[in-house]
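Student: There's a structure below that I have some questions on.
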Amino acid sequence: MIDANSQFFAILTNVGMAKQANADALGIPWLITQMGVGDANPNGLADPPNPVPTAGQTKLLNEWRRQPLNQLLVDPKNPAVIIAEQVIPADEGGKWIREIGLYDSDGDLVAVANCAPSFKPLLSQGSGRTQIVRMNFIVTNAGNIQLKIDPAVVLATRSYVDTAILEVLPKNKTPGQWTRVKTNDRGIVVSGDNPETLAGMGITDSYTSEQVDALIAKATAMPVGAIVSFPVNKQPAGFLELDGSVKSVAAYPDLSAFLGTAFNKGNEGAGNFRLPDMRAEFLRGWDHGRGIDTGRAIGSAQLGTLVVFDSNSTGGASVDIARATAVEAQADTYKDSDYPNVGISFTTSGVTYGQYPSGGGVSRPRNVAVMWCIKAWSAPVNQGVIDVGVLADEVRKATGRFLGLRRIRATQIYWSTPGTVKIRVKGQGAGAAGGGAASTATGQVSAGCGGGAGAPFDTWITSGFDGVMATIGKGGTGVLVGPGNNGGATSFGSHVTAPGGIGGGLSANVAPPLYLGQTPNSQPAVGATVNNGQGKGGGGVIGPKTDFVVSGEGGASEMGPGGNSISTSSQGADAVNPGSGGGGAVALPSYPAHLRGGHGADGWIDVEEWA
């Protein structure tokens, strides 16, 4: 009978002790191969006694199963203890387990143990289980016991499989996320890295950034510096009007390299160059040594040819003829050979010479006014409004995996999502408030202009972005009888700063008509790599008569329109969309109170995170 005083243990049999002594003396391996289990109840008793292992045993009392071991190993905590283990599957059993034996390769019982009775059910009994039977026994020298298992005939426990997998997996590998890995002949990852170039990824049928730039240049339908006329007052993308204006070398590096200082006047300032002025000019091919229009440098201007006519239309008739050399009259030199069979008649009778013609002008053919423009940067055919040079750069910067978008609407310290290697930051300064309005008497009106929007920006940042203070500019506040307050600046650390919009002005109480111009655009943002924009100014005031006065609308931001314009006596409309300006106020005749302009909206920042 099993009770609290029952003892359970494992011992070597006499045969086992002899074989171990022999293995120790001769230094030969001793191979333990099988485990047997029994119910220790050969007589089929209802409550058999607890078996007590003895060294003289050569077999179990009533063995019902013998199979190869699943695991045989030295206890990692005690090298004198051997652990033998066997797994009995769910479809075997229907018997009790009270005794355990170990057999060597000769079939001899070398160790025996008793255990607390455990019934091993069959799966067909409705309570099947896989059971692990384990025996720990002490030996004098574990080094001579051969720990060898035949994997083809045993079942494995989960812990055994986990341990075995860990043994074959490579150790001390740096954890991380890799775009390229190396495996061994069993498909196990042994190393990984993150190449930053296509060549590093082993991709050879691709273009480098330099080759992309060269292809873009070749794909350009028209080179930088080409002059084209357009019949409307619009400059297509990639073109500038030839108006003699000064441009930045940094903004137009290709055009600056092409023109150089050919049209500079010396007052352009450092880092600038001047465009030629071709407004109201005809173009003529350069003589370039031909001898038709001699003495001309390329790009030089030439006056029209002088002609005279009878200006004495109300007096007596006269014939006016220019008396000058071809050079003085700005005419090309006449050659007889150019006009064969053409005679020239002349007379000196009755001719009077005067120093100035009585009437004259310069000749011109019939013509149509066009706008002369110059190609300012490279772009392919049908490029629309896209500067492909910038687009190519953006594509290169945006290469990677998009992690997500962070919308920042309040000042805070920015910390990136783990795995972020670069960010694209877009944002805008705060909108300004609209102008207020004063109280009015009979026949008087007062109104305010709209507040301007904040300056927008767009920039890539590849380092130094964690821990940066993201500052959101506060919208300008509207005031009574005064111009609106400017919007606050939005910034992303020291990387980029965007000024707020300019407050809308107002007119005091006056008799119509009342007109005020548009609020100026904001100062441009600074520090961005993609775009440093200016915020759009607010609308002006229109007030032709006492019953028709419209205030200015707030300047629109990148997020949407500003506060609406109004035409009834009321304070200005507050801006809703981030970065936009507030609307102006209106006071029609005989309005007794002062009114404030609409408040501007706070600025904004959006951060795209890329891996």
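The values are calculated or read from the model by the stated rules, or taken from the named source; none is laboratory data. Just so we're clear, the structure is a prediction, and the values are computed from it rather than from any experiment. Here Cβ is always computed from backbone atoms with ideal geometry, including for glycine, and neighbour counts include all displayed protein chains.
Student: Of all residues in segment 576-599, which are more than 29 Å from the chain's Cα centre (by Cα), under 16 Å from residue 503 (Cα atoms) and part of a loop (DSSP other than H, G, I, E, B)?
Tutor: Those that are more than 29 Å from the chain's Cα centre (by Cα), under 16 Å from residue 503 (Cα atoms) and part of a loop (DSSP other than H, G, I, E, B): 582, 583, 584, 585, 597, 598, 599.
Student: Quickly run through segment 449-470 and pick out the residues that are small (Gly, Ala, Ser), in contact with a strand residue (DSSP E or B) (Cβ under 8 Å, 6 or more places away or on another chain) and modelled with pLDDT of 95 or more.
Tutor: Residues satisfying the conditions are 453, 454, 455, 470.
Student: Okay, moving on. Restricted to segment 463-484, and to residues that are closer than 22 Å to residue 509 by Cα and part of a loop (DSSP other than H, G, I, E, B), which residue is farthest from the chain's Cα centre (by Cα)?
Tutor: We begin by selecting, within segment 463-484, every residue closer than 22 Å to residue 509 by Cα; these are 477-484.
This time we only want the ones that are part of a loop (DSSP other than H, G, I, E, B), so: 477-479, 481-484.
Numbers: 477: 34, 478: 37, 479: 40, 481: 45, 482: 42, 483: 39, 484: 36 Å.
My answer is 481.
Student: Another one. Take the conditions over 19 Å from residue 14 (Cα atoms) and of a type outside the set (Asp, Glu) and apply them to residue 118. Does it pass? Walk me through how you get there before you give the answer.
Tutor: On the way: over 19 Å from residue 14 (Cα atoms): yes; of a type outside the set (Asp, Glu): yes.
So residue 118 fits the description; yes.
Student: Something else: Mind telling me which of the residues 505, 429, 473 ends up being surrounded by 19 or more Cβ atoms within 10 Å (Cβ to Cβ), in the same structural domain as residue 540 (by TED's automatic domain parsing) and at pLDDT below 95? Break it down stepwise before answering.
Tutor: Numbers: 429 fails: at pLDDT below 95; 473 fails: at pLDDT below 95.
Only one candidate passes the filter, namely 505.
Student: Here is a follow-up. Residue check: is residue 494 in contact (Cβ under 8 Å) with a residue 60 or more places away in the chain and either closer than 27 Å to residue 411 by Cβ or assigned to a strand (DSSP E or B) (or both)?
Tutor: Working: in contact (Cβ under 8 Å) with a residue 60 or more places away in the chain: no; either closer than 27 Å to residue 411 by Cβ or assigned to a strand (DSSP E or B) (or both): yes.
No: the conditions fail for residue 494.
Student: Keeping to segment 164-180, report how many residues are touching a residue at least 12 places away in the same chain (Cβ under 8 Å) and not in a loop (DSSP other than H, G, I, E, B).
Tutor: 2
Student: Here is a further query. With the checklist (1) crowded, with 16+ Cβ neighbours inside 10 Å; (2) out of contact with any Phe, Trp or Tyr (no Cβ under 6 Å at 6 or more places or on another chain); (3) under 30 Å from residue 5 (Cα atoms) in hand, flag the one item residue 115 doesn't pass.
Tutor: Residue 115 satisfies all of (1) crowded, with 16+ Cβ neighbours inside 10 Å; (2) out of contact with any Phe, Trp or Tyr (no Cβ under 6 Å at 6 or more places or on another chain); (3) under 30 Å from residue 5 (Cα atoms) except (2).
Student: Quick check on my filter: what residues within segment 74-92 are more than 18 Å from residue 32 (Cβ to Cβ) and either at pLDDT 90 or above or surrounded by fewer than 16 Cβ atoms within 10 Å (Cβ to Cβ) (or both)?
Tutor: Correct list: 76, 77, 89, 90, 91.
Student: In segment 536-572, how many residues are buried (at least 24 other Cβ atoms within 10 Å of the Cβ), in a loop (DSSP other than H, G, I, E, B) and within 35 Å of the chain's Cα centre (by Cα)?
Tutor: 9
Student: Select from segment 17-52 the residues that are free of Cβ contacts under 8 Å to residues at least 12 places away in the same chain and within 30 Å of residue 94 (Cα to Cα) and write down the one among them that is farthest from the chain's Cα centre (by Cα).
Tutor: Here the residue is 43.
Student: For residue 212, state whether it is in contact with a helix residue (DSSP H, G or I) (Cβ under 8 Å, 6 or more places away or on another chain) and over 23 Å from residue 421 (Cα atoms). Explain how you work it out, then say what you get.
Tutor: On the way: in contact with a helix residue (DSSP H, G or I) (Cβ under 8 Å, 6 or more places away or on another chain): yes; over 23 Å from residue 421 (Cα atoms): yes.
The answer is yes for residue 212.
Student: May I ask you to verify whether residue 40 is crowded, with 18+ Cβ neighbours inside 10 Å, small (Gly, Ala, Ser) and within 17 Å of residue 110 (Cα to Cα)?
Tutor: Answer is no for this residue.
Student: Just give me the residues in segment 182-207 being over 21 Å from residue 610 (Cα atoms) and either of a type in the set (Val, Ile, Thr) or touching a Pro at 6+ places or on another chain (Cβ under 9 Å) (or both), in sequence order.
Tutor: Hits for segment 182-207 are 183, 184, 188, 189, 190, 191, 202, 203, 204.
Student: For segment 517-535, give me each residue that is outside any strand (DSSP E or B) and either outside the structural domain of residue 605 (by TED's automatic domain parsing) or in contact with a Ser or Thr (Cβ under 8 Å, 6 or more places away or on another chain) (or both).
Tutor: Going residue by residue through segment 517-535, those that are outside any strand (DSSP E or B) are 517-525, 527-530, 533-535.
Within segment 517-535, 525, 527, 528, 529, 530, 534, 535 qualify.
Student: How many residues does segment 1-20 hold that are outside any loop (DSSP other than H, G, I, E, B), out of contact with any Pro (no Cβ under 6 Å at 6 or more places or on another chain) and surrounded by 14 or more Cβ atoms within 10 Å (Cβ to Cβ)?
Tutor: Step one: list which residues in segment 1-20 are outside any loop (DSSP other than H, G, I, E, B), which gives 10-12, 14-20.
With out of contact with any Pro (no Cβ under 6 Å at 6 or more places or on another chain) added as a condition, the list becomes 10, 12, 14-20.
From what's left, surrounded by 14 or more Cβ atoms within 10 Å (Cβ to Cβ): 10, 12, 14-17, 19-20.
Here the count works out to 8.
Student: Hey, can you tell me all the residues within segment 248-279 that are touching a residue at least 40 places away in the same chain (Cβ under 8 Å) and either more than 19 Å from residue 228 (Cα to Cα) or aliphatic (A, V, I, L, M) (or both)?
Tutor: The answer is 255, 275, 278.
Student: Could you please tell me which pairs satisfy a Cβ distance under 6 Å, a separation of 6+ or placement on different chains, a first residue in segment 53-64 that is exposed (fewer than 14 other Cβ atoms within 10 Å of the Cβ), and a second residue that is part of a loop (DSSP other than H, G, I, E, B)?
Tutor: Sorted first by the residue in segment 53-64, then by its partner, the pairs are 55/13.
Student: Can you name the residue in segment 497-516 that is of a type in the set (A, V, I, L, M, F, W, C) and not in a strand (DSSP E or B) and is also nearest to residue 574 (Cα to Cα) among such residues?
Tutor: In the first step, residues of segment 497-516 are kept if they are of a type in the set (A, V, I, L, M, F, W, C); the result is 498, 502, 506, 508, 510-511, 514, 516.
Filter again for not in a strand (DSSP E or B), leaving 502, 511.
Numbers: 502: 15, 511: 27 Å.
Across segment 497-516, the extreme among qualifying residues is 502.
Student: Would you be able to say whether some residue in segment 191-200 is acidic (Asp, Glu) and outside any loop (DSSP other than H, G, I, E, B)?
Tutor: Going through segment 191-200, the residues acidic (Asp, Glu) turn out to be 193, 196.
With the extra rule that they be outside any loop (DSSP other than H, G, I, E, B), the set shrinks to 193.
The answer is yes; a qualifying residue exists.
Student: Could you tell me which residue of segment 82-108 is farthest from residue 2 (Cα to Cα), considering only residues that are in contact (Cβ under 8 Å) with a residue 60 or more places away in the chain and among the hydrophobic types (A, V, I, L, M, F, W, C)?
Tutor: 82
Student: Which of the residues belonging to segment 201-238 are assigned to a loop (DSSP other than H, G, I, E, B), farther than 17 Å from residue 258 by Cβ, at pLDDT 80 or above and not hydrophobic (A, V, I, L, M, F, W, C)?
Tutor: 231, 233, 234, 235, 236
Student: Name the one entry in 32, 2 that is outside the structural domain of residue 95 (by TED's automatic domain parsing) and of a type in the set (Val, Ile, Thr). Write out each step before concluding.
Tutor: Numbers: 32 fails: outside the structural domain of residue 95 (by TED's automatic domain parsing).
Unique residue meeting the criteria: 2.
Student: Do we find that residue 545 is free of Cβ contacts under 8 Å to residues at least 40 places away in the same chain and of a type in the set (Lys, Arg) in this structure?
Tutor: Numbers: free of Cβ contacts under 8 Å to residues at least 40 places away in the same chain: yes; of a type in the set (Lys, Arg): yes.
The answer is yes for residue 545.
Student: How many residues does segment 406-425 contain that are assigned to a strand (DSSP E or B) and over 15 Å from the mean Cα position of the chain (by Cα)?
Tutor: Initially, segment 406-425 is screened for residues assigned to a strand (DSSP E or B), giving 406-408, 412-414, 422-425.
Checking which are over 15 Å from the mean Cα position of the chain (by Cα) leaves us with 408, 412-414.
Within segment 406-425, residues that are assigned to a strand (DSSP E or B) and over 15 Å from the mean Cα position of the chain (by Cα) number 4.
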